[in-house]
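The values are calculated or read from the model by the stated rules, or taken from the named source; none is laboratory data. The model shown is predicted, which means the values in this text are computed figures rather than measured ones. Ideal geometry is used to build each Cβ from the backbone, glycine not excepted, and the neighbour counts take in all protein chains shown.
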Amino acid sequence: MASQDWVDKDFYAILGVSKDASDADIKKTYRKMARKYHPDQNQGDAAAEKKFKDISEAYSVLSSAEDREQYDAIRAMGSGARFSAGGAGGQSGAGFDDMFGGLFNNARGGSRSRGYDASGLPPEFADIFGGAYQGYQQPRPTKGADRTAKTTISFAGSINGTTIGLREPDGEVIEVRIPVGIKDGQKVRVRGKGQPGAAGSGDLMVEVQVTPHDFFVRDGNNIRIHVPVSFPEAALGATISVPTLDGESVKVRVPAGTPSGRTLRVKGKGVKTSKATGDLLVTIDVAVPQKLNKEAEQAVKEFEAATSGENPRADLAGKARL
């Protein structure tokens, strides 16, 4: 800052404090005004931005005992006068800065010299908004990047949960806990096993692929199975036993007249997760015997004769009409 500027500007008035204000009063007043006029609080307000710069400039001088003493001296000696590099009539004269430059060569060059942030806040006031002015602040340290990996587990492992080990190129084995009920394609996060960074390591994201089962088919949290029944069981009704995920069996009532393809629901016998439990969906397949002995063949013929008036395709033509 030029010495002439120190004459022109009344930093005490800018801060609204008396000339004999204590350091504590100056600091307290500045904190209050900085909070009010800080750019973070006045986005797009040019007047507030200028006010903030003025009070920061004033505080930068008055908060330093040495600078304040020099400022008071310059103000006392130069008050009411203007100085220029050249005198009247073109005669050379001593400029204001020439007169005091040697004496006050430590005059401040701006708020940055004491480690102020780019918005003009001294470091001791960084807590006003939890840090420096957001528009200018230095980037905060960030975590390292995440890494990705894939693994394949058994169907049983996806239903009951399991633990696997992933081996790094350097030989380290990363333990990955697979939660109960995980679905094919879901990802498991292993914290702190990603790339290193200034704010800590990133995470390892493990995509889980589930080997299909030959009998159980997952549908969301439900489990679908196909169960064959005989023609008499489907026609007359029956109670059958079907397997479940937990290795036990459950009794299922097949109503009389159940057609092939009908699905029966068994509540709570599907996939169990931390948030929900699915159902077991039992699709009935009416089994047709490939070979009949003479007695069975005769019985079927008698059944055919007894039901000759029924035509299961009676409505087929109507359904097929365009």
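When you look at VAL288, is it of a type in the set (Val, Ile, Thr), over 30 Å from ALA149 (Cβ atoms) and touching a strand residue (DSSP E or B) at 6+ places or on another chain (Cβ under 7 Å), yes or no? The answer is no for VAL288. Aliphatic (A, V, I, L, M) and either part of a helix (DSSP H, G or I) or modelled with pLDDT under 80 (or both), is that true of ALA21? No: the conditions fail for ALA21. When segment 242-255 is filtered for residues that are hydroxyl-bearing (Ser, Thr, Tyr) and either closer than 15 Å to VAL217 by Cα or part of a loop (DSSP other than H, G, I, E, B) (or both), only THR244 remains.
Being part of a strand (DSSP E or B) and either over 30 Å from GLY157 (Cα atoms) or touching a residue at least 12 places away in the same chain (Cβ under 8 Å) (or both) narrows it down to one of THR239, THR258, so name that one. After ruling out the rest, the residue left standing is THR239. Residues in segment 11-43 that are within 19 Å of ASP67 (Cβ to Cβ), exposed (fewer than 14 other Cβ atoms within 10 Å of the Cβ) and either in contact (Cβ under 8 Å) with a residue 24 or more places away in the chain or not assigned by TED's automatic domain parsing to the domain that holds ILE55 (or both): LYS19, ASP23. Note on segment 179-234: residues that are of a type in the set (A, V, I, L, M), assigned to a loop (DSSP other than H, G, I, E, B) and out of contact with any helix residue (DSSP H, G or I) (no Cβ under 8 Å at 6 or more places or on another chain) total 2.
Within the span defined as segment 265-274, every residue fails to be of a type in the set (Ser, Thr, Tyr) and touching a helix residue (DSSP H, G or I) at 6+ places or on another chain (Cβ under 8 Å). As a summary of the residue check, LEU236 satisfies the conditions (1) within 25 Å of the chain's Cα centre (by Cα); (2) of a type in the set (A, V, I, L, M); (3) over 21 Å from ASP146 (Cα atoms) except for the one numbered (1).
Kindly establish whether THR283 is assigned to a strand (DSSP E or B) and of a type in the set (S, T, N, Q). For THR283, the condition - assigned to a strand (DSSP E or B) and of a type in the set (S, T, N, Q) - is met. Search segment 286-306 for residues being assigned to a loop (DSSP other than H, G, I, E, B) and aliphatic (A, V, I, L, M), and hand back the single one that is farthest from THR244 (Cα to Cα). That would be LEU292. Taking the criterion of being within 16 Å of PHE125 (Cα to Cα), assigned by TED's automatic domain parsing to the domain that holds PHE125, at pLDDT 70 or above and of a type in the set (Ser, Thr, Tyr), would at least one residue in segment 61-74 satisfy it? Yes, segment 61-74 contains at least one residue that is within 16 Å of PHE125 (Cα to Cα), assigned by TED's automatic domain parsing to the domain that holds PHE125, at pLDDT 70 or above and of a type in the set (Ser, Thr, Tyr). Candidates LYS36, LYS32, LYS51: the one that is among the basic types (Lys, Arg) and more than 37 Å from the chain's Cα centre (by Cα) is LYS51. Consider segment 261-278 and keep the residues that are of a type in the set (Val, Ile, Thr) and assigned to a strand (DSSP E or B). The one that is farthest from ILE178 (Cα to Cα) is THR263.
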